[in-house]
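Take a look at the structure set out below.
The values are calculated or read from the model by the stated rules, or taken from the named source; none is laboratory data. Values in this document were obtained by computation on a predicted structure and should not be read as measured data. Here Cβ is always computed from backbone atoms with ideal geometry, including for glycine, and neighbour counts include all displayed protein chains. Remember, those area values only see protein heavy atoms, side chains included, never the ligands or the DNA or RNA. Shrake-Rupley method; radii C 1.70, N 1.55, O 1.52, S 1.80 Å.
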Amino acid sequence: MTGAVSYFHENGVATITIDDGKVNVMTTDLLDELCRSIAQARDDRSMILLRSGREKIFSAGFDVKPLTSRDAEASRALLQAGINAILALLEYPYPVVSLCAGHAYPMGAFLLLASDARIGVHGEYRVGMNEVAIGIAVPDFALHLAGYRVAPTWLHRVVALGRMLNPQEAVEAGFLDMLVPPERVETALDQTIGHLAGLNMAAHASTKNRMRANVAEAIRTAGRDRLLPTG
């Protein structure tokens, strides 16, 4: 793979690294490339480790220019690419581990919500869904995803109020599963991957797919119907 997404496969783990040389803005091209990497990992029958190649940033989120312009076609293409990436992770038959060591705005936060295990690194950064703060109504597919994974006590604050969370709050809200100091990252990854490698993958895939069937279908339907609210 070339461009903003790199792919490396070793010992049953496909490491997918997002690095656009800047702040990992989620463009249509980047998301399409991410989906191709996920498909490659599926062909390789591998667990996924999703991480950023940028220091202090997981992703600055969607490229907002198409979303705030009058170019409906570009906006739809971008959001559909986001849906495709979310579904590729939600329906992935092997475990998906994400490592977050910096800011994660939508669509980066959505990738965390769609992953199985999320490791955060202690630091000064924010995670969440700030759409309403920048004048974008939260799309239906994002509401479905947040409703599935964000803790009920945090859901309104995160989605309707655009509250961006520090790492500890991100754990409490459900964007992350644990926090580790920077010097413990590789140890935490090894331990997590080692545990997940011991799962029966057929049982894992069956259980996960049945757990997520309703939300995946709701997200898929949102893409077919409309992507941005009209009101």
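Which one of these does residue 137 not meet: (1) within 30 Å of residue 77 (Cβ to Cβ); (2) touching a Leu at 6+ places or on another chain (Cβ under 8 Å); (3) open to solvent by 40 Å² or more (accessible area, probe 1.4 Å); (4) modelled with pLDDT of 95 or more?
For residue 137, the failing item is (4).
Within region 44-73, which residues are of a type in the set (A, V, I, L, M, F, W, C), part of a helix (DSSP H, G or I) and in contact (Cβ under 8 Å) with a residue 40 or more places away in the chain?
Result: 64, 67.
Conditions first: (1) within 15 Å of residue 106 (Cα to Cα); (2) assigned to a loop (DSSP other than H, G, I, E, B); (3) at pLDDT 95 or above; (4) of a type outside the set (Phe, Trp, Tyr). Residue 227 passes all but one, so which condition is the exception?
(3)
Starting from residues that are under 30 Å from residue 194 (Cα atoms) and aliphatic (A, V, I, L, M), keep the ones in region 140-155 and report whichever is most open to solvent (accessible area, probe 1.4 Å).
It comes out as 151.
Of 212, 184, which residue is open to solvent by 20 Å² or more (accessible area, probe 1.4 Å), basic (Lys, Arg) and either part of a helix (DSSP H, G or I) or more than 29 Å from residue 80 (Cβ to Cβ) (or both)?
None of the others qualify; the one that does is 184.
Can you pull out the residues in region 115-134 that are open to solvent by less than 20 Å² (accessible area, probe 1.4 Å) and of a type outside the set (Gly, Ala, Ser)?
Scanning region 115-134 gives 118, 119, 121, 125, 127, 129, 131.
Only one residue in 76, 42, 51 is under 12 Å from the mean Cα position of the chain (by Cα) and open to solvent by 50 Å² or more (accessible area, probe 1.4 Å). Which one? Talk me through it step by step, then tell me what you get.
Working: 76 fails: under 12 Å from the mean Cα position of the chain (by Cα); 42 fails: under 12 Å from the mean Cα position of the chain (by Cα).
Going through 76, 42, 51 in turn, just one is under 12 Å from the mean Cα position of the chain (by Cα) and open to solvent by 50 Å² or more (accessible area, probe 1.4 Å): 51.
Return yes when residue 111 is closer than 26 Å to residue 202 by Cα, open to solvent by less than 30 Å² (accessible area, probe 1.4 Å) and either at pLDDT below 95 or in contact with a strand residue (DSSP E or B) (Cβ under 9 Å, 6 or more places away or on another chain) (or both) and no when it is not.
For residue 111, the condition - closer than 26 Å to residue 202 by Cα, open to solvent by less than 30 Å² (accessible area, probe 1.4 Å) and either at pLDDT below 95 or in contact with a strand residue (DSSP E or B) (Cβ under 9 Å, 6 or more places away or on another chain) (or both) - is met.
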